[in-house]
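Remarks on the structure that follows.
No value in this document is a laboratory result; all are computed from the given coordinates. All of these numbers come straight from a predicted model, not from anything done at the bench. Neighbour counts run over all protein chains shown; Cβ positions are idealised from the backbone, glycine included.
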């Protein structure tokens, strides 16, 4: 029989057996326009028929700070963190603000000087209208507009211009005359002209667009596609985190020979993508993990086509910069492991690197240091398992060991560096490629695969009583594996996955009533697996994956919770992709 173990050689490396002052109140003297009229910050009906107006570099930087302040207020500071959330000035310097302004002005100048394609007032007006019409977070977009005084000129210059300039530059990458070296040369020359274009800013007759969308949020049980403009390249087995103001995707792969170290930040407020910086980014990989700390995304581990990695990086979306994680005392390289964030450390455990691992490590980003997790009483080595953080313990469960599915697990107490075994479900239920979420009192596992059969059943595990309760089978979604799951505060939403077919279906499970409700398929993204999903507080955003080749599409599913949680539930990280095949004859159990 062809088992999971026997087929590992062709699928290690993951997907490769498949084809972004609340209104900084600028001092009045900095807001004087050439006619002597003060900029009216708090009025949506500011005059628009002024023929000329300067917008100095200092003013642009101050407006940029107002924009960043909105995003920073929305960034999630995990409740597990013992330290208070710092002010924006503590995490973003004046120089970093100036760099962001310089970059978008440089991009605009490059378009005008070298491609005779300047950004026109009509284009910026169109961009503002696009954002207002297509926003996935109207309340955040309203905050952004208010932070800029609801002034359409400032919004056009400081919000619309950066987005439009990057989009047009990315489109020109397809020009055969355009290469990376030439692009950098042209951008450098354009940057030298930045002071000139600041002095020559004109104020056309911009109009403040009306922001679409209900004040109370989205419409329950509906799908809306994510933007396809400037989206990252197609991929699967990547990672995604939600920061509170944007979704960051990174890594993964799209075919048998391409591993990626690129990514993108999706801002649902403006329905726009911004590429993540590749300077000092970790090397390309798939089947790695990622966690959000409150200020950084930490990626670690994975496979690059030839090696199992014990390297990683910390990405700061505020500064768009990377810092490598230390390799001193780091855990052995691996893929198909989970990772959790405790509030002060990232814990990784298990995985595969030619052997089934029962080792792990705790990474402290403040000290940039690693501490090994105890192996005393640790669960058996495994990969493609799940892990959740309860607030005091990491609970791992399931997975494969040498090709055989497991129904065992363990609770790791970080405070004492000790392990306690979990009991097993009352009905034999080993599996891998399943999902797990933490509700605040229980871990819910659902779906998965045992190397022969697909599952559509699940279990609720209570660590307080070390007991299991089956989830309802009434109206349950079809059996599947490599789907995603998020916790909304009231319900678990599962979506996507594979079982001979690629699913674009899912279900909402309420543990209080032990009941399922199907998710709508109207306008849902195409079926897929090895995608990612994040919970924003009102919506589930899914992106990427494969069916069978890599995808660069996604969707936002509205499921407004009666009492949404202020922090997102980390979804299980993508695992390396096995080739779907007919179900073999059942293998003997160990």
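Sorted fewest first by neighbouring Cβ atoms within 10 angstrom, 127, 442 come out as 442, 127.
Relative protection proxy for 92-104, 68-80, 526-538, 328-340, from highest mean packing down: 526-538, 328-340, 68-80, 92-104 (other beta-carbon atoms within 10 angstrom).
Residue 93 to residue 376: extension gain in nm, 0.36 nm per residue of separation minus the Cα-Cα distance?
97.4 nm
Sorting 455, 259 from the fewest to the most surrounding beta carbons within 10 angstrom yields 455, 259. Stretching the chain fully between residue 280 and residue 113 yields a gain of 57.1 nm (0.36 nm per residue, less the alpha carbon separation).
For a quick protection proxy, order the peptides 458-468, 150-160 by their average other-Cβ count within 10 Å, most packed first.
150-160, 458-468
Length available on full extension from residue 307 to residue 424: 0.36 nm per residue minus the Cα-Cα distance, which gives 38.7 nm. Is region 227-372 best put as rounded, prolate or oblate by its Cα gyration tensor, with a ≥ b ≥ c the root eigenvalues, rounded for a/c under 1.5, and otherwise prolate when a/b is larger than b/c, oblate when not? The shape class here is oblate.
The distance linking region 273-322 with region 417-458 is 28 Å (Cα centroid to Cα centroid, whole angstrom). Going from the fewest other Cβ atoms within 10 Å to the most, the residues 344, 423 appear in the order 423, 344. Placing a label point 7 Å from the Cα of residue 441 along the Cα-to-Cβ direction, the residues of region 389-413 whose backbone N falls under 20 Å from that point are 389-395.
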